[in-house]
Structure formats: C-alpha cells, structure tokens
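Heads up, the thing below is written out as structure tokens.
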C-alpha cells in the first residue's frame with residue numbers, strides 16, 4: 001500500500017465528540033452512481049446531523065432551508081435516497097442506513113406520510129413509541 005503524504009499535519013481530521021462521518025463504501029461500492037446532486041446533498045446533510053445510530057429529526061422546513069431546496073425538491077431527493085436503500089424516513093425521523101453488502105435489500109421501508117409535508121402530533125408520537 002502506498003503511503004500518502006500528509007499535506008497539512010496541523011489540520012488532521014479526528015472523529016469529533018458529536019460523532020459524524022461518511023462511510024467510504026458510499027463511493028467504493030458505487031452507491032453514489034446515478035444519484036442526483038440534490039440527493040447527494042441531502043445524504044451529506046443527514047450524515048452530518050445524524051447520531052451514532054444514523055438517526056436525526058430535522059424538520060423538512062429546516063432541512064430544505066439549509067439546502068435551499070423547495071419542498072418538491074426535498075421530497076424528490078428523499079424519495080431517491082429511500083428507493084436506493086440509503087436512508088429510511090418516517091416523518092419527522094430520518095435514519096442513514098448501513099452500507100453493509102446486501103443490507104439495502106433487507107430494509108423495510110416505512111410508508112411516506114400522505115402529504116409528504118405535515119405530520120400530525122399523533123403520527124409523531126406513534127413513531128416515537130415504535131422507535132427501537
């Protein structure tokens with residue numbers, strides 16, 4: 001294996017206390033192939049804000065605002081990532097999924113809310129009770 005030079009030793013990366021990373025298999029196993037730039041931007045955002053289990057619950061308004069996506073663009077990017085087996089979504093929760101080989105085929109994808117935008121308090125509470 002070739003040794004790569006460290007170009008800026010004073011800025012070496014470390015896993016931060018709040019835990020955030022992107023799995024190299026995203027590129028190596030070609031999970032990014034065929035993904036739109038919006039879907040990849042959403043994936044990067046979700047990886048950045050997720051906890052160690054990959055879970056996060058930023059609202060659509062916040063996520064769309066930070067990524068400068070319209071509601072339709074956010075829904076399309078999310079649907080693309082769900083279809084690719086990269087994330088799971090049940091309003092208002094997201095989970096960045098494992099990239100283990102064969103894991104995408106075994107993912108049970110929860111249904112999207114009827115409107116794709118608003119969730120009732122009941123839906124939010126039910127999804128919190130069902131969460132592992």
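The values are calculated or read from the model by the stated rules, or taken from the named source; none is laboratory data. Nothing here was measured: the structure is a model prediction, and the numbers come from that model. Positions of Cβ are generated from backbone atoms using ideal geometry, with glycine treated the same way; all protein chains shown enter the neighbour counts.
A few points about this structure:
- Hits in region 10-25 (condition: surrounded by 10 or more Cβ atoms within 10 Å (Cβ to Cβ), in a loop (DSSP other than H, G, I, E, B) and at pLDDT 70 or above): 21, 22, 23
- Only residues that are on the phi > 0 side of the Ramachandran plot and out of contact with any helix residue (DSSP H, G or I) (no Cβ under 8 Å at 6 or more places or on another chain) were counted across region 55-93, and they come to 1.
- Verdict on residue 105 being at pLDDT below 85 and surrounded by fewer than 19 Cβ atoms within 10 Å (Cβ to Cβ): yes
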